[in-house]
Amino acid sequence: MTTMYFIRHGQASFAADNYDKLSALGIEQSTLVGDYLRQKNCQPDHIVCGTMLRHQQTAQYSLNGELLAGRDFTKISTNNSQWNEYDHQNILAVYKKEFANAQGMRQFLSQQPDPHTAFEQHFVAAIEQWINAKSGEPYNESWQQFCQRVISAFTELCQQQQGKTIIIYSSGGPISLIISHLLGLPLEEFIRVNWSLVNAGVTKIISRGKQKNMTLASINEHHIFDQQNDKRLITYT
C-alpha cells in the first residue's frame, strides 16, 4: 500500500519582510509534527520537499534519526519546486499595487478597524481574480499552470513511489488542491480548503482497492498540538 503524508510548513514569518522562513513558533510546530510521525511509527521510504526555505526548515526540524532509522537523509530525499506555493505576493500585487510588498500590506492593514478580516477579504478577492484571469495578464504563474504543475507532481509521485511511504513537505495551496482533486470538488474552490489548513497539519493519502486508487485517509491532522494544551500552536500562516 502506498502511504503519503502531506505536511504543511510550520508558521512562516507573516509580519516580516521575508515571509519565507519559519518563525520561532513554526520551529516548535515542526518539532511536534516530528513527534506525531514517530507516534504513527512512520518510517519513510522517500521524502519530498518543496524548494522554499519554509519547506526545508519544516523537514529539518521534524525529522530525526529515529524517523530515518539511521539512513542518510540526502539519499532518500529530493527537492521539487513543483510542490512550491503559488506566488501570493505576485497575485496580491496584480490585485492591488499597494500590496506588492509586505511593508505596503502592513501599512494598509494598520489603517483597518479589523486587520484580520480585511486581509482575508482582500486575499480571497485577489485569489478569485487570479483564478478568473484571462491569458496575458501579468501573473508569474497562471491559475491553469498552477493546477497543471501540482496535479502533474502528484500523478508522477503516485506512479514512481508505488507501495512506499512518502512524506511531502509543501504549502497550503498545493495540499488544498490535491484534497479538492481527490474529493471531486471544483478546483476553483480550493481556497476554502486552504483557509482551514493549520500550520504543520498532516494530510494522509493512501492507495486502496485492486485499482490502487489514491484516497484521503485524513485531512489536516493536528491533534499533537491539542495534546499540548497550548492555543498558540494553532496557526494558519
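The values are calculated or read from the model by the stated rules, or taken from the named source; none is laboratory data. Note that the structure is predicted; figures quoted are calculated from it, not measured. In this analysis, Cβ positions are derived from the backbone assuming ideal geometry, glycine residues included, and neighbour counts consider all displayed protein chains. Calculation scope for accessible area: heavy atoms of the full protein, side chains included, ligands and nucleic acids excluded. Shrake-Rupley method; radii C 1.70, N 1.55, O 1.52, S 1.80 Å.
Tell me which of these ASP87 doesn't satisfy, since it passes every other one: (1) closer than 18 Å to GLU189 by Cα; (2) touching a helix residue (DSSP H, G or I) at 6+ places or on another chain (Cβ under 6 Å); (3) open to solvent by 50 Å² or more (accessible area, probe 1.4 Å).
Result: ASP87 fails condition (2) only.
Consider the range 160-212. How many of its residues are farther than 16 Å from VAL48 by Cβ and either open to solvent by 60 Å² or more (accessible area, probe 1.4 Å) or without any contact (Cβ under 8 Å) to a residue 60 or more places away in the chain (or both)?
Total satisfying the criteria: 23.
If only one of ILE131, ILE191, ILE167 is part of a strand (DSSP E or B) and either within 15 Å of the chain's Cα centre (by Cα) or more than 24 Å from ILE7 (Cβ to Cβ) (or both), which one is it?
Details: ILE131 fails: part of a strand (DSSP E or B); ILE191 fails: part of a strand (DSSP E or B).
Going through ILE131, ILE191, ILE167 in turn, the sole match is ILE167.
If only one of ALA126, ALA102, ALA133 is over 26 Å from PRO186 (Cβ atoms) and surrounded by 14 or more Cβ atoms within 10 Å (Cβ to Cβ), which one is it?
Of the residues listed, the single one that is over 26 Å from PRO186 (Cβ atoms) and surrounded by 14 or more Cβ atoms within 10 Å (Cβ to Cβ) is ALA102.
Quick one: is SER81 small (Gly, Ala, Ser), closer than 22 Å to THR155 by Cα and in contact (Cβ under 8 Å) with a residue 24 or more places away in the chain?
Here the answer is yes, as SER81 does meet what is asked.
Condition check: acidic (Asp, Glu), part of a loop (DSSP other than H, G, I, E, B) and farther than 20 Å from ILE27 by Cα. Does GLU141 satisfy that? Before you say what the answer is, go through the steps one by one.
Numbers: acidic (Asp, Glu): yes; part of a loop (DSSP other than H, G, I, E, B): yes; farther than 20 Å from ILE27 by Cα: yes.
Against the criterion (acidic (Asp, Glu), part of a loop (DSSP other than H, G, I, E, B) and farther than 20 Å from ILE27 by Cα), GLU141 qualifies.
In the range 7-76, which helices (runs of 4 or more DSSP H) lie fully inside it and hold 2 or more residues that are open to solvent by less than 60 Å² (accessible area, probe 1.4 Å) and within 25 Å of ILE178 (Cα to Cα)? Working first, answer last.
On the way: elements: 24-39, 53-62, 65-68, 73-76.
Here the list reads 24-39, 53-62.
Identify, by number, the condition in (1) among the polar types (S, T, N, Q); (2) in contact (Cβ under 8 Å) with a residue 60 or more places away in the chain; (3) within 21 Å of TYR86 (Cβ to Cβ) that GLN144 doesn't meet.
So GLN144 meets the others, but not (2).
Scan the range 213-235 and report the pairs whose first residue is under 25 Å from LEU157 (Cβ atoms) and whose second residue is part of a strand (DSSP E or B) and open to solvent by 70 Å² or more (accessible area, probe 1.4 Å), with Cβ atoms within less than 6 Å and a gap of 6+ or a chain change.
What qualifies is THR215/ARG208.
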